[in-house]
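Data block below; observations after.
Every number here is computed from the coordinates shown, using simple stated rules; none is lab data. Fair warning: this is a prediction, and the values are worked out from it, not measured in the lab. Please note: Cβ atoms are built from the backbone with ideal geometry, for glycine as well, and neighbour counts cover all protein chains shown.
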Amino acid sequence: MSTPAEPAPDTQGAAADAGAHGGTRAIIAALAANLGIAIAKFVAFLVTGASSMLAEAIHSVADSGNQVLLLIGGRTSRRAPTPQHPFGFGRDRYVYGFLVAIVLFSVGGVFAVYEGVHKLLEPEELTSPGWAFGVLLVAIVLESFSLRTARKETDAVRKPGESYWAFIRHARAPELPVVLLEDTAALTGLVLALLGVGLSVVTGNGVYDGLGTVAIGLLLIVVAAILAVETKSLLLGESATPDVQRQIVAALEGSGSVLSVVHMETQHLGPEELLVGAKIAVRHDDTAAAVARAIDEAEARIRAAVPMARVIYLEPDIRRAEHSTPGTGASTTGG
């Protein structure tokens with residue numbers, strides 16, 4: 001016997017929409033900033049001929065494209081479920097997050113490495129380096145502000161004592177990890193470009209500009225690989241965090257419930273949507289009406305404790321062993 005959950009209450013959907021709109025405003029602001037920085041870098045490249053400036057300009061274009069991808073993913077993920085996709089389209093955010101990794105790797109990283117190697121083979125003297133220094137310094141200030149904003153938003157949701165790296169590894173929503181990694185890579189790339197241009201001006205040797213460009217490309221490839229690994233895991237379907245799983249078990253078994261969890265599995269259908277499937281032990285002498293009532297009450301407790309639990313399937317059974325471990329995938333009951 002399986003009992004599917006009813007659709008989530010409207011108040012939850014309204015809260016999710018409000019959060020999504022706030023995220024959209026932040027992404028649009030970042031998109032406008034990246035486009036402005038990209039234009040300035042292209043102008044500096046045309047004036048100076050510095051390949052590291054071109055690599056940074058392409059990097060900013062890639063970041064702008066990534067913001068567009070995140071906007072598209074956020075919009076398409078809110079589509080209503082269909083008969084072909086009954087659990088909705090929440091994972092679209094993961095799909096577009098994975099596309100971000102591809103863009104960073106191909107448009108940003110590979111191009112920068114190619115351009116840097118070309119510059120190493122045919123070094124050229126920089127002209128009007130003041131343009132490059134001016135644009136890079138302004139871009140560093142803007143990217144520092146963007147990274148500071150991303151860190152503040154992350155601090156509002158990450159656990160106390162949790163490192164930023166741990167947050168990136170364990171977050172179920174892709175947007176903040178993407179922004180954190182992109183901003184960190186952008187700021188580091190700007191410093192590398194500044195070093196490359198500066199050493200080329202001081203020594204009169206364009207090789208340093210090429211080395212800086214290659215370093216920027218390798219940095220972007222590493223960041224793209226990290227994003228690809230993390231978003232691939234989300235695409236495959238990750239379980240709820242251990243804390244959330246404990247909350248669900250407590251909700252199932254709490255408040256004087258006659259139910260106990262034999263075995264439970266969870267999977268994210270999207271960053272704010274969770275599927276919960278559990279086999280629960282009931283007493284052998286309980287009537288069907290009593291079991292149905294207990295399941296309804298358990299579902300209500302789960303939704304109250306974990307609002308993201310949008311789809312819930314509870315299967316009653318008779319416990320036939322003394323011990324079992326919820327969430328292990330090993331049932332100790334009959335059929």
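Odds and ends about this structure:
- Unit charges at the beta carbon, dipole of the chain: most positive-side option, SER163, GLY88, GLY204: GLY88
- Whether the stretch 10-236 is rounded, prolate or oblate, judged on the alpha carbon gyration tensor where a/c under 1.5 counts as rounded: prolate
- Per-residue ellipticity at 222 nm computed for the chain from its helices equals -22000 deg cm²/dmol, with DSSP H segments shorter than 4 residues left out and the rest contributing -39,500 (n - 2.57).
- Partner lysines for LYS152 [C-alpha distance under 29 Å; skip if fewer than 8 residues away on the same chain]: LYS41, LYS232
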